[in-house]
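**Student:** Before anything else, here's the structure in question.
The values are calculated or read from the model by the stated rules, or taken from the named source; none is laboratory data. Given the structure is predicted, the values throughout are model-derived calculations rather than measurements. Virtual Cβ from ideal backbone geometry, glycine too; neighbours counted across all protein chains shown. Only protein heavy atoms, including side chains, enter the accessible area calculation; ligands, DNA and RNA are left aside. Shrake-Rupley method; radii C 1.70, N 1.55, O 1.52, S 1.80 Å.
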Amino acid sequence: MKVAVFSAKRYDRELLAAANTTAGHELHFFDDLLDPSTVVLAAGCGAICVFVNDVLDEEVLAALAAGGTHLVALRCTGFNNVDLKAAAVLGVRVVRVTEYSPYSVAEHAVALILALRRKIHRAYNRTRDGNFELDGLLGADLHGCTVGVIGTGKIGRVFARIMSGFGCELIAYDKFPSADFERMGGRYVPLRELAARSHIVSLHCPLTPETHYLVDAGALALAKPGAILINTSRGGLVDTEAVIASLKSGQLGALGIDVYEQESDLFFQDLSSSIIPDDVIQRLVSFPNVIVTGHQAFFTREAVGAICATTIASISDYAAGRPLAHEVHVGG
Ligand code: NAD
């Protein structure tokens, strides 16, 4: 099958090509982000393969369908960038990677916590400059902390298990509680209680209309003074302006983010020689108690290998008319 691969970085090209060795699909790689101006590149391809920031709104999906594309293979878990209703109407089927090393994202969330809590990012810069002073690097134990997990799905539960190993108390909020989380000693509480009691809050729920700005000025006002907020899920879960206000007032003690609402203009690109017009991200990275990573939580050998294998297998199933095990339907 002829497949247009959008937002293709060097590692996507290498690993998708490796996963495709036996399947033998005709992969056409494009650096470009998929949007109304680039959708023409997919003309004549039965399938496209896209990533988190590619735009799959009604306009793009209609252009895809008109050009003969009837399969969208997301090489990620989240599907918030796809208008599923429009896809269903247009007869465009959507598959995603439902599962790939949840350890990759959970461990990255823990890495952000440890770095912020023990000020590793500041120590790294100091010692490179020959400064071995400890002033300003006082950390705090994780042992005995209360950790609030929002979303106890695959990633949230792995995260919770790791934090439990540090001797943290686990509380969580999820619309669909998990017995596995409770078996590891965790307890479900209302969102307001989670916000008020947690020393660390980590977001692991999907971005939906319901979860958009789940962390807003109201939620932040409830937070324990000095709490740490970690977001490795989706940028839209957090009102970034409200977070900046909370960091400035000192209510929020630290922030670790791997995702950002406006990330599609920034992430996955080297902008180190450019003037970045986004004042919000520039303000965030100027704080000593903020760490931003550019959507790299998934980026481990194990996770990327699994993503490529599942994506190619889904395309093969579609080409052969077999059932699609990882199909996304309206409503999730
Ligand atoms: P999952 O589907 O296994 O778990 C999601 C959990 O969120 C479920 O338990 C679900 O019940 C819960 N949930 C749904 N709606 C909710 C709501 N309104 N309030 C509270 N909880 C709600 O998904 P997962 O594999 O654990 O992934 C979680 C998220 O992580 C994904 O949606 C994606 O956005 C993000 N992610 C980020 C990266 C990265 O590289 N940064 C990589 C993979 C996934």
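**Student:** For residue 77, tell me the accessible area in Å² from a 1.4 Å probe, rounded to the nearest 10.
**Tutor:** Approximately 40 Å² of residue 77 is accessible to the 1.4 Å probe.
**Student:** Separate question: Which lysines have a Cα lying under 29 Å from the Cα of residue 2, excluding residues fewer than 8 positions away in the same chain?
**Tutor:** Within reach: 85.
**Student:** Quick check: with the 1.4 Å probe, what order do 101, 272 take by accessible area, largest first?
**Tutor:** The residues order as 272, 101, largest area first.
**Student:** At most 14 other Cβ atoms within 10 Å and a DSSP loop assignment: could you name the trypsin sites (Lys or Arg not before Pro) in region 1-59 that fit?
**Tutor:** 9
**Student:** Shifting gears a bit: List the GluC sites (Glu not before Pro) in region 74-174 that DSSP assigns to loop (not H, G, I, E or B) and whose Cβ has at most 16 other Cβ atoms within 10 Å. Which are they?
**Tutor:** Values: sites: 99, 107, 133, 169; in loops: 99, 133.
Taking region 74-174 and a limit of 16 other Cβ atoms within 10 Å, the loop GluC sites (Glu not before Pro) found are 99, 133.
**Student:** How high is the relative contact order of region 102-292, in percent, with contacts defined as C-alpha pairs under 8 Å that are six or more residues apart?
**Tutor:** 19 percent
**Student:** Could you tally the net charge around residue 180, taking each other residue with its Cβ under 11 Å from the Cβ of residue 180, Lys/Arg +1 and Asp/Glu -1?
**Tutor:** Here the charged neighbours net out to +3.
**Student:** Continuing with the same structure: Excluding ligands and nucleic acids, what accessible area in Å² is computed for residue 330 using a 1.4 Å probe, to the nearest 10?
**Tutor:** 80 Å²
**Student:** Per residue, how large is the accessible surface of region 102-292? Use a 1.4 angstrom probe and give square angstrom. Could you put the intermediate results ahead of the total?
**Tutor:** Values: 9380 Å² over 191 residues.
Here the residues of region 102-292 average 49 Å² of exposed surface.
**Student:** For region 102-292, which whole-number percentage of the solvent-accessible area (1.4 Å probe, protein heavy atoms only) is attributable to carbon and sulfur atoms?
**Tutor:** 54 percent
**Student:** Might you work out the accessible area of residue 70 for me, using a 1.4 Å probe with all protein chains in place, and round it to the nearest 10 Å²?
**Tutor:** Residue 70 has an accessible surface of roughly 60 Å² with all protein chains in place.
**Student:** Can you report the principal axis dimensions of the chain using only the alpha carbons, biggest first, rounded to whole angstrom?
**Tutor:** 61, 49, 35
**Student:** Just tell me which lysines come within less than 28 Å, Cα to Cα, of residue 119; anything on the same chain fewer than 8 places away is out.
**Tutor:** 224, 248
**Student:** Please report the relative contact order for the chain, taking Cα pairs under 8 Å with a sequence separation of at least 6, and give it as a percent rounded to a whole number.
**Tutor:** So the answer I get is 17 percent.
**Student:** Mind ranking 161, 96, 183 by accessible surface for me, highest first, 1.4 Å probe?
**Tutor:** 183, 161, 96
**Student:** Still on this structure, I have one more. What number comes out for the charge environment of residue 87, summing +1 per Lys or Arg and -1 per Asp or Glu over other residues with Cβ under 15 Å away?
**Tutor:** Net charge in that neighbourhood comes out at -3.
**Student:** Quick one: compute the contact order of region 129-196, relative version, from alpha carbon pairs under 8 angstrom and 6+ residues apart, as a percent.
**Tutor:** It rounds to 30 percent for region 129-196.
**Student:** Now, a different point. For n ≥ 4 DSSP H runs only, could you compute -39500 (n - 2.57) per run for the chain, divide by its residues and tell me the 222 nm figure to the nearest 500?
**Tutor:** -10500 deg cm²/dmol
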